[in-house]
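Peer 1: Dropping a structure here in structure tokens format, bear with me for questions.
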Amino acid sequence: MKKTSKTNNQAIDSKELVIAMDELEKENGIKKDVLLEAIETALVTAYKRNFDSAENVRITMDKDTGEIHVYAEKDIVEKPEDIENSKLQISLDDARKINKKLEVGDKAEIEQVPKNFGRIAAQTAKQVIVQKIREATRNFLFDEFNERKGEIVSGIVQKSDGSIVVMDLGRLEGVMPVKEQIPTEHYKVNDKIRAVIVDVERGTKGAPQVVVSRAHVDFVRKLFELEIPEIYEGVIEIKSISRDPGKRCKVAVYSPNENIDPVGSCVGQKGIRIQNIINELNGEKIDVIEWNEDPSIFISAALLPAEVMAVDVKPEEKFAQVIVRDDQLSLAIGKAGQNARLAARLTNWKIDIKSESQFREMLAQQAENEEETEE
């Protein structure tokens, strides 16, 4: 379908907009073509709102000069009497006054010079640019904080109403939902606290929302990296962490270097390294355990401080039967089952703990059942 236009030298001069767009592309990374497209779309809306909403218009902006041109698009009909709407249609004779090559069914573009549109165009373009800067800033912050997932950030508590805690992180707010808070902690406005970034989401208005946590296992992981150089350097590896936030945490560590004591390095001389982490967690107890590829040895260590007598493992089921002395049973299980539960999470094995007496009774019962079966 052919198109043509009637040129008019009274185009709107918007050179300042071109300069602004060039600077935005250079400093904010907003592509000039993207800006132009957004401005042209916004100008069409502004034109229809302020002038004639019934017309089909196309508005262009020259990316080099900033000149804005408004074109009314009209369908070409054969005769004047065929015109049903003069704002949308034009006769063939009138169209050929613009371009002799036009035919019925083509579109003719007639340039318009609406009065005062220069002012409206400038305001519209400014609004689009401000919006695009805002969007670019939001996208930049989203990408920046999204790449920082798993990092620890510091912030000032702005709001704490017993549910969500809002932190000032500088350029953005950090939100700490109830499930990401340590249950034993109480946060007050103006408190300076640290937390780990666990997620970055798009807010209702497009602004990025940073979700932070003090209850997540990654918070403990990062604290270990900060306090223990050997972990940060990769000499010691954290194999797994299980945690009951605010109460107890178990951390399994390992070093391929036989000359390095991974547990001793994490605890530090006189316990100073681990104490710094405990202080940050407001007294949460931390058990540092040496990881071992032998599940029996690892499970025994995971149940510390209880002493384990024997471990019978079924690898295909990832099930372990653990035997402890009678006086160690309550310690192995822990208050409300905490020690056993954390050990199971740490090792990723199902663990059944029995005292020596219980185990003997179980064996005796099995023997009795076997005898009855034979009879």
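Peer 1: Here's a check for you: in region 275-296, which residue that is among the acidic types (Asp, Glu) and over 21 Å from Met309 (Cβ atoms) is farthest from the chain's Cα centre (by Cα)?
Peer 2: Within region 275-296, the match that is farthest from the chain's Cα centre (by Cα) is Glu293.
Peer 1: Condition first: within 30 Å of Glu16 (Cβ to Cβ) and not in a helix (DSSP H, G or I). Now tell me which residues in region 91-118 satisfy that.
Peer 2: Of everything in region 91-118, those that are within 30 Å of Glu16 (Cβ to Cβ) and not in a helix (DSSP H, G or I) turn out to be Glu109, Ile110, Glu111, Gln112, Val113, Pro114, Lys115, Asn116.
Peer 1: Could I ask something else about it? Being within 16 Å of Cys249 (Cβ to Cβ) and within 21 Å of the chain's Cα centre (by Cα) is the filter here; which residues of region 196-230 pass it?
Peer 2: Val196, Ser213, Arg214, Ala215, His216, Val217, Asp218, Phe219, Val220, Arg221, Lys222, Leu223, listed by residue number.
Peer 1: Report, ordered by the first and then the second residue, all pairs with beta carbons closer than 8 Å, sequence separation of six or more or different chains, a first member in region 241-259 that is of a type in the set (Val, Ile, Thr), and a second member that is in a loop (DSSP other than H, G, I, E, B) and modelled with pLDDT of 95 or more.
Peer 2: Cβ pairs passing all conditions: Val253/Ile236; Val253/Trp291.
Peer 1: Still on this structure: Which of the residues belonging to region 25-67 are farther than 17 Å from Pro114 by Cβ, not in a helix (DSSP H, G or I) and not hydrophobic (A, V, I, L, M, F, W, C)?
Peer 2: The answer is Asn28, Gly29, Lys31, Asp62, Lys63, Asp64, Thr65, Gly66.
Peer 1: If you don't mind, there's one more thing I want to ask. Of all the residues that make up region 126-161, how many are farther than 23 Å from Asp22 by Cβ and in contact (Cβ under 8 Å) with a residue 40 or more places away in the chain?
Peer 2: 12
Peer 1: Within the set of pairs 6 or more residues apart or between chains, which connect a residue that is exposed (fewer than 14 other Cβ atoms within 10 Å of the Cβ) inside region 191-207 to a residue that is among the basic types (Lys, Arg) and outside any strand (DSSP E or B) with Cβ atoms less than 7 Å apart?
Peer 2: Sorted first by the residue in region 191-207, then by its partner, the pairs are Gly206/Arg138.
Peer 1: Now a separate question. Name the helices (runs of 4 or more DSSP H) wholly inside region 271-375 in which the number of residues that are farther than 30 Å from Ile193 by Cβ and of a type outside the set (Val, Ile, Thr) is 1 or more.
Peer 2: Output list reads 295-302, 329-333, 338-347, 356-374.
Peer 1: Within region 111-118, is even one residue of a type outside the set (A, V, I, L, M) and either under 27 Å from Leu226 (Cα atoms) or exposed (fewer than 15 other Cβ atoms within 10 Å of the Cβ) (or both)?
Peer 2: Looking through region 111-118, at least one residue is of a type outside the set (A, V, I, L, M) and either under 27 Å from Leu226 (Cα atoms) or exposed (fewer than 15 other Cβ atoms within 10 Å of the Cβ) (or both).
Peer 1: What tally of residues in region 305-343 results from selecting those that are in contact (Cβ under 8 Å) with a residue 40 or more places away in the chain, of a type in the set (A, V, I, L, M, F, W, C) and surrounded by 16 or more Cβ atoms within 10 Å (Cβ to Cβ)?
Peer 2: The qualifying residues number 2.
Peer 1: Find the residue count for region 228-243, including only residues that are of a type in the set (Val, Ile, Thr) and either exposed (fewer than 14 other Cβ atoms within 10 Å of the Cβ) or assigned to a strand (DSSP E or B) (or both).
Peer 2: Count: 2.
Peer 1: Restricting attention to region 156-186, and to residues there that are of a type in the set (Ser, Thr, Tyr) and over 19 Å from Asp218 (Cα atoms), which single residue is modelled with the highest pLDDT?
Peer 2: Checking each candidate, the answer is Ser160.
Peer 1: Within the group Ala195, Ala207, which residue is of a type in the set (A, V, I, L, M, F, W, C) and in contact with a Leu (Cβ under 9 Å, 6 or more places away or on another chain)?
Peer 2: Ala207
The values are calculated or read from the model by the stated rules, or taken from the named source; none is laboratory data. Note that this is a predicted model, so its numbers are computed, not measured. Backbone-built Cβ (ideal geometry, glycine too); neighbour counts: all protein chains shown.
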